[in-house]
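The values are calculated or read from the model by the stated rules, or taken from the named source; none is laboratory data. If you're wondering where the values come from, they're calculated on a predicted model, not measured in any experiment. Here Cβ is always computed from backbone atoms with ideal geometry, including for glycine, and neighbour counts include all displayed protein chains.
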Amino acid sequence: PYTPASSINTPASAKSTASKGQSSQKWDSMFECLLEFVDERKQEETKDASEDEKKEWIWDGNVPTTYKTKDGKALGRWVNNQRSAKSKGVLKGDREKRLVDAGLKWSVLASNSWNEML
């Protein structure tokens with residue numbers, strides 16, 4: 001018998017794949033924003049530095065919680081969400097590796113930000 005396409009249910013697996021694709025795209029987009037943030041920070045902090053000093057520059061691994069990109073993306077909040085996901089054990093391994101490779105610190109205390117505030 002003929003079944004009209006409109007009455008066929010889309011399998012749940014197909015639906016979840018579509019939303020995962022979107023969230024993965026959003027994650028990649030925010031990760032790109034993080035890389036841009038690190039690059040901008042490097043340029044700011046090394047503008048008067050020698051080439052050797054520029055090569056030795058290391059990001060402190062932190063993004064201020066309230067930091068937003070030029071186009072309004074809440075990068076600081078996103079970074080906190082990644083830290084939270086890691087502490088709950090739900091951050092995907094490949095994402096964790098990419099964040100570590102970018103220089104992100106999992107604990108804000110691992111950076112010098114507290115010393116700067118004193």
| query | LEU91 passes all but one of (1) out of contact with any Ser or Thr (no Cβ under 8 Å at 6 or more places or on another chain); (2) assigned to a helix (DSSP H, G or I); which number fails? | reply | (2)
| request: Report whether or not TRP59 is hydrophobic (A, V, I, L, M, F, W, C) and at pLDDT below 95. | output: yes
| task | Report whether or not ALA74 is aliphatic (A, V, I, L, M), surrounded by 13 or more Cβ atoms within 10 Å (Cβ to Cβ) and more than 20 Å from the chain's Cα centre (by Cα). | result | no
